[in-house]
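Enquirer: A single structure is presented below for examination.
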Amino acid sequence: MGHLLRIPIPIPIPIPLLLLFFGSVVWPVFARSEDQTTVCGSLEINEIADFRKLQNCTHVEGHIRLAYVDLTAAAGNYIIESLASNVTEISDYLMVYRCTGLITLQSIFPRLQIIRGHSLLFDEYSLVAYENRNLRELGLVELLRIQKGSIRIESNPLLCFVETVDWLYLMGNSTQQHYSLKHNRPQSQCPLCDSLSSDFDSVKNSSEHCWNVNTAQLRLLPPRSKDCPKACGQNGCDEAGKCCDHNCVTGCYTQGCSLCGNYQGKWGCVNQCLMSFEINKRRCINNRECRELGRIPLVRGYQCVKKCPGNQKKVLDTKGMAHCQVECKGDFHIKVAADLESLQDCVTINGSLTIELTNIKEKIVEALENALVSVKEITGYLKVIHSAQLMSLTFLQNLDAIRGDKLVENRYALYVVNNYHLEHIWPPNHQVIIQRGMLFFHLNPRLCYEKVHQLQSSLKSGENISVADVSPNSNGERVICGDGVRSLTPKVEDLNSTAVRIILDYMDWEGMETLIGYSYYYKEAPLQNVTMYDGRHGCGHDNWLMDVSPNKSRRHVISGLKPYTQYAYFVKTLTRTEYHIQMDAYSKIGYFQTLPDRPSPVVRIYGSSVTTSQIVLHWWSPSRPNGVISKYFVYSEKHNVTKGEKEKNYLISEASNIKDLDCECIDVQPYDSGPQPDDEDYYNKEQITYEDALPNLIYVSRFYDYRRREFEKVINYEHMLSLKKEEEPVTPAPTTPAPTNETIEKDKADALTYEKFRLNSEQKMRDQQDVGRERYNIRHALPKCQNSHASVVQQVEDKCIVEEPMTGIEVPAGQHSYTLAQLEPDTVYRISVRACVNGVVNGCSTPAETQIKTASLRKERSIV
C-alpha cells in the first residue's frame, strides 16, 4: 500500500521557486509576519498519528525525530497531503531513522528553509538520514541553510540525488561543518538532474544541483559575484562593492533581512544576543518586548522564557514583576548525573549536600565538576558516602565554607565514609572553613590519615580531631603514607613528534630494595593548569593515560603521542611492602610538547564549475594538522578520461583518494584506572574493603617472615639487655685507653674499605638503573641536505634528506577556497591540494585529489 506515496503532492509552488532559473535566483524578499508563526517544542514522530503534531507548527524550538515510522499502512486512513507540514525552521536537528515506505521528505517538509543546529544529535549532527530502505530522494526543496552541525546521509539503499546537492552552499560555516554520504544508491545507477525519467539518464546535465529530477536546488545569488573585494570570499557583494553578510540567508544585507542564520535582532542579523534576550532560539528582543509577551527575562543566559527553569523559582518584586531566582534550598542527594540539574548555577546551597554515587559505570566526575563549580557555601553539612568513583573532592573547587547549621548525628559537618578510591580532599592550596561541627572520616582505605588531620586548622570550633572520629587504621591502610612517601624528579631527556623519553634521578639503596618499577601518567593539556586529580574516576575511564614500566630502569619512552601537542605527566613508583621498609614516591606535574610533523591530507575537496574557464574549489583543513598550517598548494592539470570514467558526472566532485582521507587513526584510549564491572553486584559496600584486605593480612612470604623473626630477635635481645642494665648497680665507666698508632691505622683501613664498598654498591645500583640504554633511543627526522641535488648515496652517507620541490599555486593558510581560472571549456581537470606545516622538512601532506569538469559553452549561455 506504500505506492500512494509516489503520487505527486499538490503543493503550491513557493515564490523562490518561481524565481528559480537553472538553480539560481537573485535575492528575493522572503516576508513572513511573526504573527503567523506558531512555535512548537521538540517532536517525536514514531507513528502516522504523530504527524498531527506537525500540522500547526511553523517553527520547531528543538528537534524533530522520525524513527520507525511505517508509512506503508497510510493508504487506508490518510492521503499523502495530510502529512505535509508548514514547518519552516528547526532550531536543533532533524533525524530520519528506519522509516518504512517513506519515499521523499518533500511530502513532510515542503517548506523547510533552515536547520539552525543549536543543539546537535550526538553533539555533532544537524541532519541525519540513516537506514531508510524506501527513501528515494531527500526532497528538501526549499532548504537554504544548515547553520551548524554536520550532515550524515548513510545506508539508504535506494536514495538518489544526494551527490547532486551542493551541501557546501547550505553550510553556515564550511570550515567547521562536514558531511558524510555513504552506502546510498550508487550515483551511476541514479538519474541525472533534469532527466525525463529515472530510466532516461543519457540527457546531459543543464543543472548540476538538484533535489530530484524536476526540482533544482534553490541557490540565491548575490547582486555581484565577480570583481568583489577579496574579503568577500564566496559571499559576493552589492553593486557598490560592499560585501554581503553570510548571516543573512535570504539577502545581501543584515538590516531588514527576513531570515537570519543565527539570530534576528532589532536592527538586523546578529551572531548572539547581546544586552537583549533570546526567544525561540532565533530572535533577540529587549526587556519590554519580553514582558509584553507575558514572559520572564532571565538575567542568567539572557533568555526570554515562559516559566522559570527547574532550579529557579518565580518571585515577584515590589512592582509585581515576575523574576526567576536561583533556588538552592533543601537537602540534595546526588546519586546519578541527572540529580545535578537542580544544583546548576548554585552559589550557596541553603541546606545540605549528600553525594552517594550508586551507578559505578556512569562517568559522573566531569558532570560534578561542571555542575558544582559555582558553589561557595553549604549552610548545612557535606556528606560523601559509598562513592567508589571519587578520587578527590576537588570538583568543589570554589567551596569556601561549610556552615554546619544542620549536622549529621548532631555532630558532624563533613562526613566522609566508605569511599574506596578517595585519595585527596580539597584542591591544592585551598582551605574550606567548617564554622560549626566536626569531621567524620572512616573506611577510606586510600586516603592518608595525615591528609585528614591537616583539616584541623579549618575547624572553627577549636576541638581536636579524635581517633573515634577519624581513624588512622581504616583511612589509608591500602597506601603508603607519611614519611614513606618521597618525591621523584623526572625530566624530559629527548622527544620527537610522537614519543618522549623521560629520565629520573637515581634511586638510593633503600628505595631500590623495594622498587618494582614505575607508572607514567600522561594526558593532553592545552593549558598548564592540570592537577593530579583532574577528571580522575575510580571505577571507570580515567582522563589520564598510563604506561607501566615493570623494571628498575630510570628511563622510559612513551610512544603513540600526537604531534605538536602539549602533555602533562607525572610518575609514581611501583613498590612492594616489607615490615621494616615502606616506601612510595610521586612526582609533581610536568609538561612537554611534541615536535611538529607532516599533516594528514585535507579532509575533503569540493569543487564546481559555473563558467567555462573557472573552477571554484573548497576544502577542509586536515583533521590532524600536526603543527601550524602555513600554506596550501593547489595543482591542476588536464585529465584524460578513460572509457570507464566517461559516465561519471565531473561537474560536482569528491576527493578521489578516499582510502587516505577516510582513514581514522585509533588514539590510545584512557587507562582503566578501576574495575569495569559487568554487573551491578560487583561493588558491595560492606565487603569490598574487607575482602581486599584479606590477602595482605594472610599472605607473608618466607623471606619476609625470616627477616621479621630476625628483627624480632634483635628487639628482644636489646630489651633483655636494657632490663639487665636496670637491675645491675651503676658503676663508673672505665677510662678508655688512648688509641695507639696501630689502632688508628686499623680504623682508617676499615673506614677506607667501607667507603670503597659503599661506592662500589652505589655504582652497581646506578648501573642497574642505567642498563639497556640503547633500548630507549628515539628516532629523529633527518635534517635537510645542504646540496639540494644530493644523490641517494650522499643522503645515506650524510644522514640527510633532500627537500621536495613543490609545484602548484600557493594559497595562504587561512584560506580554504580558490578559483582556478583560464581553463578550457568542457574539460576534465585533475586537481590536488596539499597542506604544509612550518618547521618540518618535506612537511606537506599527501595530495588529496579530485577530478572536475569545466562547464560547457551551452551551460554558461543558459545561466547568463
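The values are calculated or read from the model by the stated rules, or taken from the named source; none is laboratory data. Since the structure is predicted, the reported quantities are computational estimates derived from the model, not experimental observations. Neighbour counts are summed over all protein chains in view; Cβ atoms, including those assigned to glycine, are modelled from backbone coordinates with ideal geometry. For accessibility, only protein heavy atoms count, side chains too; no ligands or nucleic acids. Shrake-Rupley method; radii C 1.70, N 1.55, O 1.52, S 1.80 Å.
Enquirer: Based on Cβ point charges of +1 for Lys and Arg and -1 for Asp and Glu, what charge dipole magnitude is obtained for region 479-580 about its Cα centre, in debye rounded to the nearest 20?
Expert: The calculation lands at about 260 debye.
Enquirer: Dividing the convex hull volume of the Cα atoms of region 407-530 by its residue count, what figure in Å³ per residue is obtained?
Expert: 158 Å³
Enquirer: Remind me, relative contact order of region 254-345 in percent, using alpha carbon pairs under 8 angstrom and six or more residues apart?
Expert: Dividing the mean separation by the residue count of region 254-345 yields 16 percent.
Enquirer: Please report how far the C-alpha centroid of region 105-133 lies from that of region 419-453, rounded to the nearest whole angstrom.
Expert: 50 Å
Enquirer: Then there's this: Report the Cα-based extents of region 195-344 along its three principal axes, largest first, to the nearest Å.
Expert: Computed over the Cα atoms, the extents are 72, 45, 29 Å.
Enquirer: So if I place +1 on the C-beta of Lys and Arg and -1 on the C-beta of Asp and Glu, and nothing else carries charge, what would the dipole magnitude of region 425-516 be about its Cα centre? I want it in debye, nearest 20.
Expert: For region 425-516, the charge dipole is close to 500 debye.
Enquirer: Right, here's the next one. Name the long-range amide H neighbours of L495: under 5 Å, sequence gap of 5 or more, or other chain; modelled H, no Pro or chain starts.
Expert: Excluding prolines and chain starts, which carry no amide H, the hits are R501.
Enquirer: Among the listed pairs K523/K588; K383/K572; K281/K376; K306/K376; K491/K562; K376/K588, which have their C-alpha atoms separated by more than 23 angstrom in this model?
Expert: With Cα atoms farther than 23 Å apart: K383/K572; K281/K376; K306/K376; K376/K588.
Enquirer: What nm distance separates the two modelled labels at K588 and R775, each placed 7 Å from Cα along Cα→Cβ?
Expert: Computed distance between label sites K588 and R775 equals 3.1 nm.
Enquirer: Then there is this: For region 817-858, what is the Kirkwood hydrodynamic radius in Å, using each pair of distinct C-alpha atoms?
Expert: Here the Kirkwood hydrodynamic radius works out to 12.5 Å.
Enquirer: Leaving out ligands, DNA and RNA, what percent of the accessible area of region 32-188 is carbon and sulfur, probe 1.4 Å?
Expert: That share works out to 43 percent.
Enquirer: Averaging the inverse of every distinct alpha carbon separation and then flipping it gives the Kirkwood radius. What is it for region 366-470, in angstrom units?
Expert: Answer for region 366-470: a Kirkwood hydrodynamic radius of 13.8 Å.
Enquirer: Something else: In region 421-478, with Lys and Arg counted as +1 and Asp and Glu as -1 at Cβ, which of these residues, H442, V470, H424, has the Cα nearest the positive end of the dipole, that is, farthest along it?
Expert: Value computed over the given set: H424.
Enquirer: Go through region 122-137 residue by residue and turn each phi into a ³J(HN,Hα) via Karplus (6.51, -1.76, 1.60, θ = phi - 60°); whole Hz please, and just put x for glycine and proline.
Expert: 6, 6, 9, 10, 10, 9, 9, 10, 9, 6, 10, 6, 9, 5, 10, 7
Enquirer: I've got another one for you. Using alpha carbon coordinates only, what is the Rg to Rh ratio of region 753-864, with Rh defined as the Kirkwood radius?
Expert: Taking Rh as the inverse mean 1/r over Cα pairs, Rg/Rh reads 1.39.
Enquirer: Let me ask something else. What are the extents of the Cα atoms of region 332-414 along their three principal axes, in Å, largest first?
Expert: Principal-axis extents of the Cα atoms in region 332-414, largest first: 34, 26, 20 Å.
Enquirer: To two decimal places, what compactness ratio does region 278-433 give when its Cα radius of gyration is scaled by 2.2 N^0.38 Å?
Expert: Expressed relative to 2.2 N^0.38 Å, the Cα Rg reads 1.22.
Enquirer: Just how far, in whole angstrom, is region 135-173 from region 271-311 if you go by their alpha carbon centroids?
Expert: Using only Cα atoms, the two centres lie 32 Å from each other.
Enquirer: For region 471-571, give the percent of accessible area contributed by carbon and sulfur heavy atoms, probe 1.4 Å, rounded to a whole number.
Expert: 47 percent
Enquirer: Still on this structure, please answer the following. Would you mind computing, in nm to one decimal, how far apart the modelled labels at V628 and E742 are, each placed 7 Å from Cα along Cα→Cβ?
Expert: So the label points at V628 and E742 sit 8.0 nm apart.
Enquirer: Something else now. Ignoring ligands, DNA and RNA, what accessible area per residue does region 110-243 give at 1.4 Å, in Å²?
Expert: For region 110-243, the solvent-accessible area averages 43 Å² per residue.
Enquirer: If the only charges are +1 at each Lys and Arg Cβ and -1 at each Asp and Glu Cβ, what is the size of the charge dipole of region 136-188 around the Cα centre, to the nearest 20 debye?
Expert: With Lys and Arg at +1 and Asp and Glu at -1, about 160 debye.
Enquirer: Over the Cα atoms of region 119-175, compute the convex hull volume and normalise it per residue, giving Å³.
Expert: Convex hull of Cα atoms, per residue: 90 Å³.
Enquirer: Out of residues 5 or more away from L112 or on other chains, whose amide H comes under 5 Å of its own, with H placed 1.01 Å from N in the peptide plane?
Expert: Correct list: E142.
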